Amino acid sequence: MEGLERILGEHRLFVGLPQPFVALAAGCARNVAFNAGDYLFRSGDPADWIYLVRHGHVALEAAVPGRGAVMFETVSEGDVAGLTWLLPPYRWDHDARAIEPTRALALDATCLRNKWETDHDLGCEVLKRFLGLLVQKVNAARFQVLDIYARHY
Amino acid sequence: MPAITEPLAPAEGDPMLPRIVRVGKRARDHNGTVTLTLESADEMPLPTFRPGQFTMLYVFGVGEIPVSISGDAADETCLVQTVRAVGAVSQAVTELQPGDTLGLRRPFGTAWPLEDLNGRDVVIVAGGLGLAPLRSVIYHVLANRARFGNVALLYGARNPADILFRSQLEMWRKRLDVQLDVMVDHADSSWHGRVGAVTLLLPRLAVDAARATALVCGPEVMMRFVAAGLSDTGIPDSSIWVSLERNMECAIGLCGHCQVEGLFVCKDGPVLRYDRVRRLMGVKEL
């Protein structure tokens, strides 16, 4: 457990989180590994796990008719794969596929959600961090939607 | 295209008069982008330049456009320029073949602050064809690597097929003394690199923000996002430089085509400090 606490506390998303909160969250964590080509999750599956990537590279993809799997983002060390575990209906809306051997810390989403329901301070701290990440992702998605490299230049 | 070899003007003469140069090599990069190696067509040496400057290239009978210099400033035997076909003149420039001649007006504008980079961490962020005017800086930084602290090169492109200077990027990636990340907006499953907005790379920069200088070039909206993101990482706005592009015609601050409020981008720019242009970059349609 101590090892998981340390790893969680060192992850970019949790750096600076008060130690008691890290310990609480670490109670929901376990180490996982994926080979290249393995799926962390698939679209439509229940969003039961939160994957904090430690090493490796994961493609987030959506199937587009006639175009196959379109990669719209990749995540790597320090990133989080998938955010739909945050809100009902807790279901993945895209695929996550390891491009290379990948190690991650998997947090049991139900466990974490239950803990923050009983400890709102923990919930607030954790949600603030994921909210920041969400804003970063929304801004990045806007940037991509603008298709800024299409003309000009 | 018939070859014209008579010089129209001395190299250091009237800046409005082009001199004649010859296409030595032509390399097609991707989707309508061509890199021309220009050589002197007479006995006079080619003009020297400072990274970040541009020249006016004149295709006889078609017209004249500003074009970034993408070559090595240390190599005075040729002038390397990269053009994407987006209009009639740029299309004509990309169709020039080795041996063809064209008009060139001398390098104009401000340069990247290379002297200020000494002893500092260097962040280079390029988007799309914006890598071209920064390639001269990259040559300089890599050739004098010991003068700088950490060096990060971030490059964003629309998709893997649109990556400029791809083989060179792969070569630079092998160096252990440079953080190089390429990010594309979209890709299919055959791409094994990063996908997403180039701004997502900024929080991962391995530099000391207080002693870093950032050079940014790309579509203006990209520079706006990136410069703001760099600012968020703690790099002072006075240490962030951008390269603006406007409709430059005379290139010497006379005609006013490139004027943005009190700035003549051809003369006061194209390379400008972010704290000087941050407000202007946020004005719609300016």
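The values are calculated or read from the model by the stated rules, or taken from the named source; none is laboratory data. Small disclaimer: the values here were computed from a predicted structure and weren't measured. Counting neighbours? That spans all protein chains shown, and the Cβs are built from the backbone with ideal geometry, glycine included.
Filtering the stretch B:175-227 to residues that are assigned to a helix (DSSP H, G or I) and within 9 Å of chain A (Cβ to nearest Cβ) leaves B:198, B:199, B:200, B:203, B:204, B:220, B:221, B:222, B:225. Applying the condition of being β-branched (Val, Ile, Thr) and farther than 18 Å from residue B:112 by Cα to the stretch B:42-62 and asking which residue is surrounded by the fewest Cβ atoms within 10 Å (Cβ to Cβ) yields B:62. Look at residue A:108 and say whether it is away from every other protein chain (no Cβ under 14 Å), acidic (Asp, Glu) and within 29 Å of residue B:222 (Cβ to Cβ). When the stated conditions are applied, residue A:108 does not pass them. Filtered by the rule that a residue be closer than 17 Å to residue A:103 by Cβ and not β-branched (Val, Ile, Thr), the stretch A:6-28 gives A:6, A:8, A:9, A:10, A:11, A:12, A:13, A:14, A:26. A count restricted to the stretch A:80-96 and to residues that are surrounded by fewer than 17 Cβ atoms within 10 Å (Cβ to Cβ) and acidic (Asp, Glu) stands at 1.
Cβ separations smaller than 7 Å between residues 6+ apart or across chains give the following pairs from the stretch B:142-163 residues that are assigned to a helix (DSSP H, G or I) to residues that are of a type in the set (A, V, I, L, M) and crowded, with 19+ Cβ neighbours inside 10 Å: B:160/B:184; B:160/B:187. Looking only at residues in the stretch A:115-153 that are of a type in the set (D, E, K, R) and more than 24 Å from residue A:78 (Cβ to Cβ), the one that is farthest from the other protein chains (Cβ to nearest Cβ) is A:117. Selection within the stretch B:29-41: residues that are crowded, with 18+ Cβ neighbours inside 10 Å and polar (S, T, N, Q). The member of this set that is farthest from residue B:73 (Cα to Cα) is B:33. Residue under question is residue A:3, and the condition is that it be more than 30 Å from residue B:186 (Cβ to Cβ), small (Gly, Ala, Ser) and at pLDDT below 90; does it hold? The answer is yes for residue A:3.
Only one entry in A:75, A:53, A:58 is outside any loop (DSSP other than H, G, I, E, B), within 9 Å of chain B (Cβ to nearest Cβ), among the β-branched types (Val, Ile, Thr) and under 27 Å from residue A:10 (Cα atoms), namely A:75. Selection of the stretch A:92-113 for residues being of a type in the set (Val, Ile, Thr) and either in contact with a helix residue (DSSP H, G or I) (Cβ under 7 Å, 6 or more places away or on another chain) or assigned to a strand (DSSP E or B) (or both) yields A:99, A:102. Filtering the stretch A:66-79 to residues that are farther than 17 Å from residue A:42 by Cβ, surrounded by fewer than 17 Cβ atoms within 10 Å (Cβ to Cβ) and not basic (Lys, Arg) leaves A:66, A:77, A:78.
When residue B:90 is tested against (1) within 27 Å of residue B:238 (Cα to Cα); (2) buried (at least 18 other Cβ atoms within 10 Å of the Cβ); (3) not charged (D, E, K, R), exactly one condition is not met: (1).
Taking (1) loosely packed, with under 15 Cβ neighbours inside 10 Å; (2) away from chain B (no Cβ under 14 Å); (3) in contact with a His (Cβ under 7 Å, 6 or more places away or on another chain) in turn, residue A:103 satisfies each apart from (1).
This table checks each residue for (1) aromatic (Phe, Trp, Tyr); (2) buried (at least 22 other Cβ atoms within 10 Å of the Cβ); (3) assigned by TED's automatic domain parsing to the domain that holds residue B:56.
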{"residue": "B:239", "(1), (2), (3)": "no, yes, no"}
{"residue": "B:242", "(1), (2), (3)": "no, yes, no"}
{"residue": "B:245", "(1), (2), (3)": "no, yes, no"}
{"residue": "B:249", "(1), (2), (3)": "no, no, no"}
{"residue": "B:258", "(1), (2), (3)": "no, yes, no"}
{"residue": "B:263", "(1), (2), (3)": "no, no, no"}
{"residue": "B:269", "(1), (2), (3)": "no, yes, no"}
{"residue": "B:274", "(1), (2), (3)": "yes, yes, no"}
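One residue stands out among those in the stretch B:228-245 that are over 13 Å from residue B:272 (Cα atoms) and either in a helix (DSSP H, G or I) or out of contact with any strand residue (DSSP E or B) (no Cβ under 6 Å at 6 or more places or on another chain) (or both): the one that is farthest from the other protein chains (Cβ to nearest Cβ), which is B:236.
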